[in-house]
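Read the structure below first, then the notes.
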Amino acid sequence: HRHLLGIEGLSARDITTLLDMADEAVEVSRQVEKKKATLRGRTQINLFFEASTRTQSSFELAGKRLGADVMNMSVASSSMKKGETLIDTAMTLNAMRPDLIVVRHHAAGAVHLLARKVDCSVINAGDGAHEHPTQALLDALTIRRNKGTIHGLVVAICGDILHSRVARSNIILLNALGAEVRAIGPSTLLPAGLERMGVEVFTDMRKGLDGADIVMMLRLQRERMNGSFVPSTKEYFHFFGLDAEKLACARPDALVMHPGPMNRGVEIASDIADGAQSLIREQVEMGVAVRMAVLEALASHLPNQ
Ligand code: CP
């Protein structure tokens, strides 16, 4: 593969190879000297049209740990503000001969479009409600390192599934690796077609959590709810917020995940987010390792190598 545009299109073997490479990258990142030379002399541009804390900073660290020159394009102060289009912006950057462009955009499909126009490798860092492949890979790595395997686990994804690229990429990946995937949320935030994707759907959180090994919480994406039904925070937390009482419906050794950014007291209680069953901070560490693995995997397809 020259690009990483989604989990869709990757085989179980591709995914497992990336997770194995990421396990090695964890070791590199835990050393005092964190540098490898895989991308020495290469140029990576991070082009984020939507806000990001975790994804952008971990892609920057991952590129630097592999020896690349990394440039963070500041979209807010770019000529996009003067009316330049996405494609003209991409072609302008392409003329500077980068080797890799990491893109986040609010429109589903924008990253695929961009990948067809430029000469370098393109990585999708989230496109609208479509895919966020490196998030699904880091979630899978975190699960595998804690549970030993993904095959046969019951994974409950809870909350605003409708607007979630994280949920979509996770559903595809977890199904490919043999997990049993459930979606839990209010019917207004569950997209059509989940059953066709092999997902069991629940609108009652306690029933959906019964027997779950992994409880993956999602943020209410109010910024994508233009005009549609927006639940009240208090009511939402009552029915779908993860607290100790609801978590007790899952297996006693269930682990809690959240891709971030999280809204404490909306989809998750603070004591659960910071509790013994939470993997949320470990997910962030795995994010750097997974992005190193993806960059290394694409490095063998860069020109002149
Ligand atoms: N999980 C995630 O994509 O976080 P950011 O929006 O902070 O990058």
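The values are calculated or read from the model by the stated rules, or taken from the named source; none is laboratory data. Keep in mind it's a predicted model, so treat the numbers as computed, not measured. Using ideal geometry, Cβ is built from the backbone for each residue, glycine included, and neighbour counts are taken over all protein chains shown. Surface accessibility is based on the protein's heavy atoms, side chains included, excluding ligands, DNA and RNA. Shrake-Rupley method; radii C 1.70, N 1.55, O 1.52, S 1.80 Å.
Residue-by-condition table, conditions (1) in contact with a Leu (Cβ under 7 Å, 6 or more places away or on another chain); (2) part of a strand (DSSP E or B); (3) open to solvent by 30 Å² or more (accessible area, probe 1.4 Å); (4) at pLDDT 95 or above:
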{"residue": "Asp253", "(1), (2), (3), (4)": "no, no, yes, yes"}
{"residue": "Pro261", "(1), (2), (3), (4)": "no, no, yes, yes"}
{"residue": "Ala276", "(1), (2), (3), (4)": "no, no, yes, yes"}
{"residue": "Gln283", "(1), (2), (3), (4)": "yes, no, no, yes"}
{"residue": "Val288", "(1), (2), (3), (4)": "yes, no, no, yes"}
{"residue": "Met292", "(1), (2), (3), (4)": "yes, no, no, yes"}
{"residue": "Glu296", "(1), (2), (3), (4)": "yes, no, yes, yes"}
{"residue": "Leu302", "(1), (2), (3), (4)": "no, no, no, no"}
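Within segment 234-265, being within 16 Å of the ligand (Cβ to nearest atom) and hydrophobic (A, V, I, L, M, F, W, C) holds for Val256, Met257, Met262. Counting the residues of segment 98-133 that are part of a loop (DSSP other than H, G, I, E, B) and touching an Asp or Glu at 6+ places or on another chain (Cβ under 8 Å) gives 5. Applying the condition of being of a type in the set (D, E, K, R) and out of contact with any helix residue (DSSP H, G or I) (no Cβ under 7 Å at 6 or more places or on another chain) to segment 95-122 and asking which residue is least open to solvent (accessible area, probe 1.4 Å) yields Asp99.
Checking Ile172, Ile157, Ile161 one by one, the residue that is out of contact with any helix residue (DSSP H, G or I) (no Cβ under 6 Å at 6 or more places or on another chain) and of a type in the set (A, V, I, L, M) is Ile172 and no other. Being surrounded by 18 or more Cβ atoms within 10 Å (Cβ to Cβ) and either of a type in the set (Val, Ile, Thr) or not in a strand (DSSP E or B) (or both) is the filter here; which residues of segment 191-223 pass it? Selection gives Leu194, Val199, Met205, Gly208, Leu209, Ala212, Asp213, Ile214, Val215, Leu218, Arg219, Leu220.
The rows are residues; the columns are (1) more than 19 Å from Ile280 (Cβ to Cβ); (2) touching a residue at least 24 places away in the same chain (Cβ under 8 Å).
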site	(1), (2)
Gly198	yes, yes
Val201	yes, no
Met216	no, yes
Arg224	yes, yes
Val230	yes, no
Phe240	no, yes
Lys246	no, yes
Ala250	no, yes
Ala254	no, yes
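I want to confirm something. Restricting to segment 158-190 and keeping residues that are touching a Phe, Trp or Tyr at 6+ places or on another chain (Cβ under 8 Å) and β-branched (Val, Ile, Thr), which single residue is most open to solvent (accessible area, probe 1.4 Å)? It comes out as Thr188. Pairs meeting the criteria (first residue in segment 65-81 and more than 19 Å from Glu296 (Cβ to Cβ) and in contact (Cβ under 8 Å) with a residue 40 or more places away in the chain, second residue aromatic (Phe, Trp, Tyr) and open to solvent by less than 20 Å² (accessible area, probe 1.4 Å), beta carbons under 6 Å, at least 6 apart or on different chains) are lacking.
When you check Asp139 against the structure, is it in a loop (DSSP other than H, G, I, E, B), open to solvent by less than 10 Å² (accessible area, probe 1.4 Å) and within 16 Å of the ligand (Cβ to nearest atom), yes or no? Here the answer is no, as Asp139 does not meet what is asked. Scanning segment 25-61 for residues that are in a helix (DSSP H, G or I), within 9 Å of the ligand (Cβ to nearest atom) and open to solvent by 50 Å² or more (accessible area, probe 1.4 Å) yields Arg54, Ser57. Summed over segment 74-104, the residues that are within 16 Å of the ligand (Cβ to nearest atom) and either of a type in the set (Phe, Trp, Tyr) or under 21 Å from Ser121 (Cβ atoms) (or both) give a count of 4.
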